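Below is one structure, written out as C-alpha cells; the observations come after it.
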Amino acid sequence: MAESAKYVIIGASTASISAVEAIRKVDRQGSLVVISKEEHHPYTPMILPYVLDGTLGEEELGLRELREEDFFERNAVRMLRRKEVREVRPVEKSLVFKDSGRMGYEKLLIATGAQPIIPNIPGIDLPEICVLRTLEDAVKIKKFSEQKKTAAVIGAGLIAMHVAEILSKKGVRVTVVEKMPHIVPQSFDAPSAAMMRKVFEDNGIVIHTGVTATRFVKKGSAIQVGLDSGTEVEVDFVLLAVGVRPAIGLVNGSGIFCNRGIVSNERMQTNIPDIYTAGDISEAKDFFSDGKIISPIQPDAVEQGLIAGFNMTGKEERYAGGISMNIFRFFGNNAFSIGLYNNLFHDEEIITHSSAERIFYRKIVISDDRLSGAIFMNDDVDPGIVRNLIRNRTNLGDMKPELISKGANFETWYKWLMEEEIHKRV
C-alpha cells in the first residue's frame, strides 16, 4: 500500500508555501506533504540574481517564511526533498515518483512552476551556455563571471537585463541579443524601454534588438554566436534567457486539462475536482477580461496559493484574476509597470509625461474613469497601493480632470486616491 496524505503539494516555492499557510489556518490536523525535487530550502527563482552578485549567500535563499527553522515543524508539514513526480494518476488519486514509489492523496496542488525555454539552435548544448532557474545555475554563472571576460545574454527580459547589469559590474563585457524591437518587451512599452536601453548602453553594454541567435559554435576556448543579421559575436560564455514555459510534463496523459499551462477556475481548481494548481504553471482568470492568462509574478503566486489552499480545505474563496506587475531597478534607476499599458482596446484615456534628460517617464491609462494600467520610471509611487487601486476598481471621481490636464500634480491626485482607499476600508 502506497503512502498517502490528506493534502499533497507538488513544488516548493511561493505558491506552495502560501497554500501551506492557508491550509493550516483552517485545518491543523490533516496530514500535509510538500514534494520538492531540490534538496535546498524552498526559494523563488526571482532572487537568484542576488546569489550571482553576492548579495545573498546560498544559506539565505529561503523564502521569508522559511527562514524560521521550525516552519515545517510548526505547520506539521512533511517535506520530501530530492523527489520528482513523474506522473499524476487522478483515477487512482496517486502520484508516481521518477525514481521509484508512489504516494496517494485526497487533495492535490500542482505548483511546479516553469522551466526555461531551450530553442532548437545548433550548438545549444555547449557547456558554456547557461540558463538561470535553479541555485545550481546561479552558482555556475557566478563561477564563469569570475573566470571569464565576455558574455552574451540571449533575451532581454527583466531577469536577463538584471544579470547583464550584474555581469557588467563584475567586469564582464556583455552583449545582449533580443529578437523583439525593444528590450524588456513583456514588461514595459517602447518609450520607457528606449530610456532603459540608453542607460545600459551608457554603462558599456552592447545591445542588438530585432535579431535572433541562429547558431553557437565552439572556437578555441570561445563561443561564436551567429545572428540572423549576419553579425557574429565572440564571447566566453552565454546566458540563454529567452523565456520560460509552465512545467506541465508531469500531467501529460492524466486527463488534467492544459492549454499553455494547467487551466483552472476561479477556485484554482482544475477540471478534476480534487486537483488544484497555482503559480507559474497555472493558466487562471485574467482580471481585465473573461480570458485566462499565465501570470508569473510573485503577488499572483502568493494569492493563487492562498486561494487554492483554502479551497482544498473546503473553505470557498475565489481568485479575482491576474494583474501583470513588474518592478525593475537598474543602475540606480527604478521602473514599475502594472496592468494594461500596451495593446489597448482603443477607448482608454492615456496620459504621459517624460523627460529623457532626467530619465523620467509616467504613463497612466484610464478606462471608464478607473485606473487600468500605468508605467512609472523614477517616479515616487507605492506599487502595492497602485495595484490595490486597480484591483478595487477605484473611481477617479473629481480628481480625473486634474490628472488629465497638462502638468497635473500627480502627487496630489495620488494622495487623494490613497485617502479614498483608506476611507473605503474604515
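Here, each number is a calculation from the coordinates, and none is a lab measurement. What you are looking at is a predicted structure, and each value in this text was computed from that prediction instead of being measured. Here the Cβ positions follow ideal geometry from the backbone for every residue, glycine too, while neighbour counts run over all protein chains shown.
Numbers for the structure displayed
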item: Electrostatic dipole magnitude of the chain [Cβ: Lys, Arg +1; Asp, Glu -1; Cα centre; debye, to 20]; result: 800 debye
item: DSSP beta bridge pairing in the chain, given as percent antiparallel to the nearest 5; result: 60 percent
item: Charge dipole (the stretch 336-385, unit charges on Cβ, about Cα centre) - positive-most of 339, 359, 376; result: 359
item: Three-way shape call for the chain based on the alpha-carbon gyration tensor, with the a/c threshold at 1.5; result: oblate
item: Point-to-point label distance, residue 31-residue 263, nm (Cα→Cβ direction, 7 Å offset); result: 3.4 nm
item: For residue 261, net neighbour charge (Lys/Arg +1, Asp/Glu -1) across residues whose Cβ lies under 9 Å away; result: +1
item: Positive-end extreme of charge dipole, the chain - chosen from 253, 14, 187 (charges on Cβ); result: 253
item: Ellipticity estimate at 222 nm from DSSP helix runs (n ≥ 4, -39,500 (n - 2.57)) divided over the chain, nearest 500; result: -7500 deg cm²/dmol
item: Residue among 50, 91, 325 farthest towards the positive dipole end of the chain, charges placed on Cβ; result: 91
item: Sequence-separation-based contact order of the chain, relative, with Cα cut under 8 Å and 6+ spacing, percent; result: 14 percent
item: Among 87-93, 294-300, the order from most to least packed when residues are scored by Cβ within 10 Å on average; result: 294-300, 87-93
item: Cα centre as origin, Lys/Arg/Asp/Glu Cβ charges: the stretch 114-259 dipole, Debye; result: 260 debye
item: Efficiency of FRET between residue 217 and residue 385 - r from beta-carbon atoms, R0 35 angstrom, step 0.05; result: 0.10
item: Relative packing of peptides 367-375, 26-34, 105-113 - highest average C-beta neighbours within 10 Å first; result: 105-113, 367-375, 26-34
item: Dipole magnitude of the stretch 294-363, debye to nearest 20 (Cβ charges: Lys/Arg +1, Asp/Glu -1, about Cα centre); result: 300 debye
item: Relative contact order [Cα under 8 Å, 6+ residues apart], the stretch 155-269, whole percent; result: 22 percent
item: Rg in Å to one decimal, and Dmax rounded to a whole Å, for the stretch 227-295 via C-alpha atoms; result: 17.5, 53
item: Selection of chymotrypsin sites (Phe, Trp or Tyr not before Pro), the stretch 260-333, meeting DSSP coil and at most 13 other Cβ within 10 Å; result: none
item: Above-threshold pairs, the threshold being 25 Å between Cα atoms, out of 148/219; 140/169; 6/285; result: 6/285
